[in-house]
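Chemist: Sharing a structure with you now.
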Amino acid sequence: MERGRMSRVTGRPSEPMRVQDSNRMSMVYTTPQSKQPSFGKLNIPKPQSVNSERRTSFFGGRRTSGASMPRNSIMSGFGGTEKIKDARPLHDKSFVQQCIRQLHEFLTEQGYPGTLAPKTLQSPSTKEFVKMFEFVYRQLDPTFEMPNSKVEEEVPALLKNLRYPFVLSKCSMYSVGAPHTWPQALGALMWLIDNVKINWSLSRQELLFSDFCEDGDNIEEGAEYNKLFLDYTAETYSKFMLGDDIFEEEDETFINKLKKLYNVDEALLISMEEKHRILSEELEQLEKESQTDRLMTKRMEKVKLQADLKKLQTYRGSLDTFKANLEHKASELKDELETNISHLESLKHEQNELQHLLQNQKFTPADVERINREKRELQQTISSLSKSLEEAEQHKWNEEIALAKVKEKAELRVAEYHKLARKLKLIPLSAENACGHDFEIRPFECGPGSMVQHKTQIQMLLRKLVSDVEEENSRLANMKLSLDESCEQVDSNIMDKSNDLKLLREQIRKLDERLDCDMQELAREEQDWAEEVDSVENHRKLLEKKVNIGYEEAVQQLKTAQQQYHLVLQETNEERRTVANNLASVFTTATDHLSITEKFLEDLHSRVQRLCSKTLEEDEAVVQNLRDTLKSFRSKATTL
């Protein structure tokens, strides 16, 4: 349980932070600068290796230090009221496009409710800029609400309160989308997004030495541990400022003191690890055994899929037949179309020849009269043919109506037949009385010859079925006669049994009288037992009262101990605040210990949770034992 606490010190995930030189400026107030976009994201410099002599400070500056050179602990770069020139290339188009892509990614990932069209981010209006600013600012303060009036004054004031190092004028807010003002506003948005990301990274961690905060839930360690940790921090930091980077002796000494402080039992830890390994193997074995039931599920799925496959194959066969019919009709229509096309071409050719003749020859009056006569004859022929065509179409229409009526009657009779067959359980093929034969009539799927053959086959099967039913009916009639005879025999037996029943009722009456006497005797005994149970219940209440008195005394002692604990804790907190005020300058230079302290507190919190859960389980076990004892006492009392 203490291994996580000790590993936090020996693991050393990161070095203590170095303070930058006085001529460096904080990276907190700048955005990444790069003129080579890579996949739409800014090229943020990667942190240097832990073992490298060239280190990057938390405040953005980099310097080199020798192994034995003392560190400079003077901190500057903050403060000052002079204007800082914006070193970002905000007028470089590639850099602006890179910032726009990063802004689009951030708004998309965080679920921005407004529209994010490319044209909007290239030249947004003041209203759209204020909406984006309000959305980003809410990532820092979820309760923030942008006022409806004087927005042009509110946005620069908010940036100034957040210590934005550059000036965003109020006049620029009236025309945010202008080419000369949008880069400045975009730079302010990117700086605000960087602050949001830094806030997210810090929100997952706690402040350095968070025992001095007002939140008392995270303060679990006592004064002895704090003294050990402060001594270890002061000693290692003093050596670190002298140039040392390895503190093996101090780490070993600190671990030994922690073991003594928390009474670490390494043998218990080893036994618990072995127990965890055995339980893990058993869990893996049980998981493997629980997977054997999947075979039956897979088999059922296989049967269902096979049935679906058969249905699909049947449907595919019907589709192939339908496709063949359509292809045959299409081929006939294609041949007819080709014939009509050839006929049309011949008519066009004849028309061209006649047109050529009409243009090149001169007609005499006799020719004109002859042509007119031929024209009248052709018109008469056309009218007679049109009349015969109308008569043929009318005859065809009458025949189609008659065919439709006959088809409708046939469908009605087939439907009545199918309805009766379903009542007799002859349809479908898998019905009870079908016996594997198909009694369904499909009048328009096959030709007329096959329809007659199908009808003859169904009639033969129905005659056979009728003969079988008649035989079964005769057999059942014979069986009914035999059952009637047996029923008469049973009636005679019933008369005999009724006489026996009268004798038995007389015996039952005598037994009831004897039972009443026994019940009165049992009632007297039950009253005696009830009096004894009352006395036992009074004794149980007396015992319960004594148990409650003892529990109240224990609760009172617990409250007294908690009050004393809070008093001691308050005094300790006051002492810690005094120490924190005296060592504030040292603590600000040791901000790299943030990650170590955060990990340590997480392990401590998990250990406290495990101890609390263990204590609760023990208390629940004790309460359960008391309940079991009371339950057994009650069962014994009821048995008495």
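Chemist: Of the accessible area of region 508-640, with the probe set at 1.4 angstrom, what percent is carbon plus sulfur?
Modeler: 57
Chemist: Also, I was wondering about something else. How do the peptides 330-343, 124-137, 157-170 rank, highest first, by the average count of neighbouring beta carbon atoms within 10 Å per residue?
Modeler: My ranking of the peptides, most packed first, is 124-137, 157-170, 330-343.
Chemist: Shifting gears a bit: Over all directions, how big on average is the projection of the convex hull of the alpha-carbon atoms in region 249-401, in square nanometres?
Modeler: 32.3
Chemist: Determine the per residue accessible area of region 342-420 with all protein chains present and a 1.4 angstrom probe, expressed in square angstrom.
Modeler: Value returned for region 342-420: 94 Å² of accessible area per residue.
Chemist: Let me ask another. Two decimals is fine: what is log10 I(q)/I(0) at q = 0.24 Å⁻¹ for region 452-555, from a Debye sum with one equal scatterer on every Cα and no solvent?
Modeler: -1.15
Chemist: If you don't mind, another one. Could you check how much of the accessible area of region 256-407 is carbon and sulfur, as a whole percent, using a 1.4 Å probe?
Modeler: 58
Chemist: A further question follows. What's the carbon and sulfur percent of region 132-182's accessible surface, probe 1.4 angstrom, rounded to a whole number?
Modeler: The computed percentage sits at 51.
Chemist: Alpha carbons only, please: Rg and Dmax for region 116-191, in angstrom.
Modeler: Taking only Cα atoms of region 116-191, I get Rg and Dmax of 11.7, 33 Å.
Chemist: Say each of K150 and S125 gets a label point 7 Å from the Cα, pointing the same way as Cα to Cβ; how far apart are those two points in nm?
Modeler: 2.4
Chemist: At 1.4 Å probe size, put W397, W200 in order of accessible surface, largest to smallest.
Modeler: The ranking, largest first, comes out as W397, W200.
Chemist: Starting from the Cα of K85, draw a straight line to each of the lysines and keep only those under 29 Å, dropping any in the same chain fewer than 8 residues away.
Modeler: Hits, sequence-local ones excluded: K35, K41, K46, K93, K127, K131, K150, K160, K170, K197.
Chemist: While we're here: If each Cα of region 524-629 is one equal point scatterer, what is log10 of I(q)/I(0) from the Debye formula at q = 0.20 Å⁻¹?
Modeler: Debye curve over Cα of region 524-629, log10 I(q)/I(0) at q = 0.20 Å⁻¹: -1.20.
Chemist: Where only protein heavy atoms count, and the probe is 1.4 Å, what is the accessible area per residue for region 454-563 in Å²?
Modeler: I get 90 Å² per residue for region 454-563.
The values are calculated or read from the model by the stated rules, or taken from the named source; none is laboratory data. Quick caveat: nothing in here was measured; it's all calculated off a predicted structure. Reconstructed Cβ throughout: ideal geometry from the backbone, glycine too, with neighbour counts over all protein chains shown. To get the accessible areas, we keep the full protein, side chains included, count just its heavy atoms, and leave off ligands, DNA and RNA. Shrake-Rupley method; radii C 1.70, N 1.55, O 1.52, S 1.80 Å.
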